1. Would you please calculate the Kirkwood hydrodynamic radius of the chain over all C-alpha pairs and express it in Å, rounded to one decimal?
2. Short version: ³J(HN,Hα) in whole Hz for each residue of segment 58-73, in order, from phi by Karplus 6.51 cos²θ - 1.76 cosθ + 1.60 (θ = phi - 60°), x for Gly and Pro, what are they?
3. Could you tell me which of Val23, Thr60, Thr6 has its Cα farthest along the dipole of the chain towards the positive end, charges placed at Cβ (Lys, Arg +1; Asp, Glu -1), taken about the Cα centre?
4. Rg and Dmax in Å for segment 33-75, alpha carbons only: what are they?
5. Could you work out how much longer the chain between Glu63 and Arg17 gets when fully extended? Use 0.36 nm per residue separation minus the Cα distance between them, nm to one decimal.
6. Got a sec to turn the phi values of segment 10-27 into Karplus ³J(HN,Hα) couplings, 6.51 cos²θ - 1.76 cosθ + 1.60 with θ = phi - 60°, whole Hz, x for Gly and Pro?
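Since every read-out is calculated from the coordinates, none of them should be taken as a lab result. Here the structure is a predicted model, which means the values were calculated and not measured. All Cβ positions, glycine included, derive from the backbone under ideal geometry; neighbour counts span all protein chains shown.
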Amino acid sequence: RFGTCTEADKRAARAARFGTTPVKKGQKTTKSASDASASSEEAERRLKRAKRFGLTTPETEAERKRLRAERFGAN
């Protein structure tokens, strides 16, 4: 059709607008090293939030199971 953009044109315009390079179909993206440190920071924030709001985390769940085992005499 005349006067309308194709899907490829739309993707290229979006990539130009946000300053990224368009990813080709089948091309794999890689995470940078900063993403790894961000994920550890994210985990730290989630743990603090869970403690603040009393949510269960794997660490707190293990502690509760250990205390229950001690209380009822299980190993």
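1. Details: mean 1/r = 0.0568 Å⁻¹.
About 17.6 Å, per the Kirkwood formula over Cα pairs.
2. x, 5, 5, 5, 5, 5, 5, 5, 5, 5, 5, 4, 5, 5, 9, x
3. Thr6
4. Computed over the Cα atoms of segment 33-75, radius of gyration and Dmax are 14.7, 46 Å.
5. Values: separation 46, 0.36 × 46 = 16.56 nm, distance 4.98 nm.
11.6 nm is the gain from fully extending Glu63 to Arg17.
6. For segment 10-27, the Karplus-derived couplings read 5, 5, 5, 5, 5, 4, 5, 5, 9, x, 10, 9, x, 8, 6, 5, x, 7 Hz, x marking Gly and Pro.
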